[in-house]
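The structure appears below as structure tokens.
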Amino acid sequence: MTTFVDRVELHVAAGSGGHGCASVHREKFKPLGGPDGGNGGRGGDVILVVDQSVTTLLDYHHSPHRKATNGQPGAGDNRSGKDGRDLILPVPDGTVVLDAQGHVLADLVGQGTTFVAGQGGRGGLGNAALASARRKAPGFALLGEPGEARDVTMELKTVADVALVGYPSAGKSSLISVLSAAKPKIADYPFTTLVPNLGVITAGSTVYTMADVPGLIPGASQGKGLGLEFLRHVERCSVLVHVLDTATLESDRDPLSDLDVIEAELAQYGGLDDRPRVVVLNKVDIPDGKDLAEMIRPDLESRGYRVFEVSAVARTGLKELSFALAGIIAEARAAKPVEEATRIVIRPKAVDDTGFTVVREDDGLFRVRGEKPERWVRQTDFSNDEAVGYLADRLSRLGVEESLMKAGARSGDGVAIGPEENAVVFDWEPTVMAGAEMLGRRGEDHRLEAPRPAAQRRRDRDAEKDEAQRAYDEFDPFN
């Protein structure tokens with residue numbers, strides 16, 4: 001059964017925001033006490049977090065669909081809905097997040113590094129929050145915004161200081177098993193190692209990690225064998241160690257040709273020319289291997305390689321190799337620039353930035369794109385005329401109506417707000433009138449301005465008495 005997965009497709013869905021509530025406060029002797037609808041809660045985010053205890057993407061291979069919880073809707077009596085819980089997804093150190101087009105969204109390196117893969121939707125405002133001096137009793141509330149849903153690809157690139165590369169059965173797993181506490185599977189047949197193995201090595205005061213990269217054969221950079229699956233694991237390494245088999249049983253192979261083939265594959269993969277190389281001649285405990293190592297060592301040194309003769313079985317030459325690698329790694333770490341604390345840069349928008357665009361398409365349709373207009377449309381309940389009128393007011397204040405007129409829009413032209421796959425299309429009228437206008441200005445309820453029935457009855461009785469008294473005073477029985 002597969003226990004190591006280094007590439008998965010993840011389908012994330014953030015939580016949607018809760019709807020706002022449209023409610024009117026009611027109690028004895030106060031049948032219309034004003035709006036008291038609460039706001040909806042925020043939807044939960046989907047967050048990727050680097051966890052050093054996680055070494056594989058296997059969990060997401062078996063369960064690729066992940067969804068955060070939604071926010072709760074608001075309620076009357078000014079009760080706001082509960083926010084949705086964020087969904088925290090632990091990932092291995094060195095995980096790269098790509099979008100559907102293959103663009104890098106995040107490179108997660110270092111314990112605790114986070115990336116928001118899906119943004120939770122905003123909660124809708126209740127009618128209490130929408131009330132103002134001009135809109136005393138809104139009869140509508142805003143809908144919660146849908147959570148962000150998208151597909152991402154996660155690739156694991158091993159974070160190690162040293163990468164062991166070479167043909168299958170060259171002795172890479174044996175070497176890492178004697179240099180560290182790693183216990184990889186070891187056997188005398190090709191492709192014994194099917195997953196990268198990591199080991200921690202201590203040489204003096206230097207502690208570094210070593211990775212065994214399996215599956216490199218001719219054509220690996222084009223996907224042959226297992227090479228393309230695991231070549232990405234050498235990208236982050238500081239040192240490349242060529243492990244050459246000096247006792248191979250294949251007649252058509254020799255250490256020099258093996259080195260040339262692996263170097264050609266690394267060159268075709270790209271991005272590794274600046275990494276220092278070290279050559280390890282393995283299996284010198286075998287007489288023929290020792291003789292071959294002595295024959296090819298001068299040729300390798302003439303090419304500029306540092307050469308070490310070792311035997312993973314007899315455990316000879318390992319100390320010199322580990323301390324030499326520690327020295328190269330220490331130099332590489334010292335050459336790295338000192339990491340500075342992240343500076344927070346605030347870039348305010350330009351004063352003349354409207355935040356939206358109006359484009360006339362070939363079919364004559366006017367398309368409006370922008371964060372605010374699209375969000376307002378998503379939060380509008382189009383079954384409520386007053387909510388539609390409120391949207392029209394907001395768009396007009398933002399300048400959308402003026403921009404449409406400048407773009408050449410005329411009464412009855414089609415206008416779309418949002419992307420093609422999820423747009424709201426309507427016939428534009430320069431002045432949008434909703435049904436609520438027949439009752440007065442938008443958001444006003446004249447019932448709140450009318451006197452209470454008991455007080456009105458008293459006023460009517462007082463008026464009748466005054467009229468009767470005036471008639472009595474004007475009556476002259478002797479006339």
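Cβ-Cβ contacts under 8 Å between residues 6 or more apart (or on different chains), taken from a first residue in the range 266-285 that is over 15 Å from residue 256 (Cα atoms) to a second residue that is modelled with pLDDT under 80 and surrounded by fewer than 15 Cβ atoms within 10 Å (Cβ to Cβ), are listed as 268/222. Given the condition in contact with a Ser or Thr (Cβ under 6 Å, 6 or more places away or on another chain) and of a type in the set (Lys, Arg), answer yes or no: does some residue in the range 279-293 qualify? Among the residues of the range 279-293, at least one is in contact with a Ser or Thr (Cβ under 6 Å, 6 or more places away or on another chain) and of a type in the set (Lys, Arg), which makes the answer yes. One residue is enough: does the range 4-16 have a residue meeting the conditions closer than 15 Å to residue 142 by Cα and either of a type in the set (Val, Ile, Thr) or in a loop (DSSP other than H, G, I, E, B) (or both)? Checked against the condition, which is being closer than 15 Å to residue 142 by Cα and either of a type in the set (Val, Ile, Thr) or in a loop (DSSP other than H, G, I, E, B) (or both), the range 4-16 yields at least one hit. A Cβ distance below 6 Å, combined with a sequence gap of six or more or placement on separate chains, defines the contacts here; from the range 339-361, residues that are at pLDDT below 80 reach residues that are surrounded by 10 or more Cβ atoms within 10 Å (Cβ to Cβ) in the pairs 354/399. Looking only at the range 60-80, filter to residues that are among the charged types (D, E, K, R) and more than 19 Å from residue 148 (Cβ to Cβ); which one of those is least open to solvent (accessible area, probe 1.4 Å)? This residue is 77.
Does residue 101 qualify as being touching a residue at least 24 places away in the same chain (Cβ under 8 Å) and more than 12 Å from the chain's Cα centre (by Cα)?
On the way: touching a residue at least 24 places away in the same chain (Cβ under 8 Å): no; more than 12 Å from the chain's Cα centre (by Cα): yes.
In short, no.
Note on the range 137-173: residues that are surrounded by fewer than 20 Cβ atoms within 10 Å (Cβ to Cβ) and outside any loop (DSSP other than H, G, I, E, B) amount to 5. Under the condition of being closer than 22 Å to residue 293 by Cα and in contact with a Gly (Cβ under 8 Å, 6 or more places away or on another chain), the residues counted in the range 235-275 number 8. For the range 298-323, a tally of residues being closer than 17 Å to residue 258 by Cα and buried (at least 18 other Cβ atoms within 10 Å of the Cβ) returns 4. Note on the range 85-135: residues that are in contact with a Lys or Arg (Cβ under 9 Å, 6 or more places away or on another chain), open to solvent by less than 70 Å² (accessible area, probe 1.4 Å) and more than 30 Å from residue 389 (Cα to Cα) amount to 9.
Within the range 368-405, work out how many residues are part of a helix (DSSP H, G or I), of a type in the set (D, E, K, R) and in contact (Cβ under 8 Å) with a residue 40 or more places away in the chain. Give the steps one after another, and end with the answer.
So in the range 368-405, the residues part of a helix (DSSP H, G or I) come out as 371-378, 385-398, 400-405.
When the remaining residues are screened for being of a type in the set (D, E, K, R), the result is 371-372, 374-375, 378, 385-386, 393-394, 397, 401-402.
Imposing the further condition that a residue be in contact (Cβ under 8 Å) with a residue 40 or more places away in the chain reduces the set to 374-375, 378, 385-386, 393.
Adding up the residues that qualify gives 6.
Residues are listed down the side, and each one gets a yes or a no for (1) out of contact with any strand residue (DSSP E or B) (no Cβ under 9 Å at 6 or more places or on another chain); (2) open to solvent by 10 Å² or more (accessible area, probe 1.4 Å); (3) in a helix (DSSP H, G or I):
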{"position": "242", "(1), (2), (3)": "no, no, no"}
{"position": "268", "(1), (2), (3)": "yes, yes, yes"}
{"position": "273", "(1), (2), (3)": "yes, yes, no"}
{"position": "293", "(1), (2), (3)": "no, no, yes"}
{"position": "296", "(1), (2), (3)": "no, yes, yes"}
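Filtering the range 25-46 down to residues that are buried (at least 20 other Cβ atoms within 10 Å of the Cβ) and in a strand (DSSP E or B), which residue is modelled with the lowest pLDDT? Per the criteria, the residue is 35.
The values are calculated or read from the model by the stated rules, or taken from the named source; none is laboratory data. Only a predicted model underlies this, so the values are computations on that prediction, with no experimental measurement involved. For neighbour counting, all protein chains shown are included, and Cβ atoms are generated from backbone atoms with ideal geometry for every residue, glycine included. Note: accessible area is taken over every heavy atom of the protein model, side chains too, but ligands, DNA and RNA are not part of it. Shrake-Rupley method; radii C 1.70, N 1.55, O 1.52, S 1.80 Å.
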